[in-house]
Amino acid sequence: MRIVAAIAAILAVFSAGCDRGWRMRPARLGAPAPDFTVSDGEHTLSLAQFRGQVVVLNFWASWCPPCVEETPSLIALGRQLQSKGIVLVAISEDESEQDYRRFVSENNLESSMLVVRDTRRAVAPQFGTYVFPETYVVDRGGIVRRKFIGAVDWTKPEILESLVRLQAQAPAPSRAAR
């Protein structure tokens, strides 16, 4: 009996440690996306500046193997989105400016997406993101519609189709207008 109690206690401790979002609740689907402004000294952008457009918001880091894995398909998606009025924003969690700039340059990221380094590392926690990559789809009215956890193959046709359909929809009235 004491062994069972000890095992139960150990499992309780380990399961409590697995909750990576214990400080901040993740952005809920159907709820307004947290607004933010982020600047890395070279680029400054805010979510509010894209109101009226669908935004694909990707949190990544150059030191993150799944982020590196998904980069080629994210670049391909970004190229397709440019002509559709959909914005791809990639926010880096890199601590090292040198590593960030090298990765952006080597992969030519700025040719297909808006890229900024969150030097304060404050935006991802607003969304409840602590493990990378994670990607949110925010509709034209600023509402979180999808969340992707981990590396995604962004070249799947159904992803592009769903983003184009979302861009074609009229924005829902804001909660304040109701």
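All of the numbers you see were taken from the coordinates with simple rules; none came from a lab. All values reported here derive from a predicted model rather than from experimental measurement. Because the Cβ atoms are built from the backbone with ideal geometry, glycine has one as well, and the counts that use them run over all protein chains shown.
Rounded to the nearest whole Hz, the Karplus-based 3J(HN,Hα) values (6.51 cos²θ - 1.76 cosθ + 1.60, θ = phi - 60°) of the range 118-126 follow the sequence 7, 4, 8, 6, 10, 6, 3, x, 4, with x at glycine and proline.
Once C-alpha pairs closer than 8 Å and six or more residues apart are averaged by separation and normalised to the residue number of the range 94-172, the relative contact order reads 20 percent. The 3J(HN,Hα) values that the Karplus relation (6.51, -1.76, 1.60; θ = phi - 60°) gives for the range 156-162 are, in residue order, 5, x, 5, 5, 4, 4, 5 Hz. Gly and Pro appear as x. Annotation: for a label point projected 7 angstrom from Cα along Cα→Cβ of VAL164, residues of the range 46-82 with backbone N closer than 15 Å are 77-82. For the range 108-170, trypsin sites (Lys or Arg not before Pro) meeting the loop criterion (DSSP other than H, G, I, E, B) and having at most 16 other Cβ atoms within 10 Å: ARG120, ARG121.
Would you mind telling me the antiparallel percentage of the DSSP bridges in the range 26-150, rounded to 5?
Counting DSSP beta bridges with both partners in the range 26-150, the antiparallel share is about 60 percent.
Remark on VAL115: its backbone amide H falls under 5 Å from those of ALA90, a criterion applied only to residues 5 or more positions apart or on other chains, H modelled at 1.01 Å from N. Close amide H partners of ASP94, meaning residues 5 or more places away or on another chain with modelled amide H under 5 Å apart, are SER62, ASP118.
Run the numbers for ARG146 and ARG101: contour at 0.36 nm per residue of separation, minus the present Cα-Cα distance, in nm. Please list the in-between numbers first.
Details: separation 45, 0.36 × 45 = 16.20 nm, distance 2.86 nm.
Length difference between fully extended and current span is 13.3 nm.
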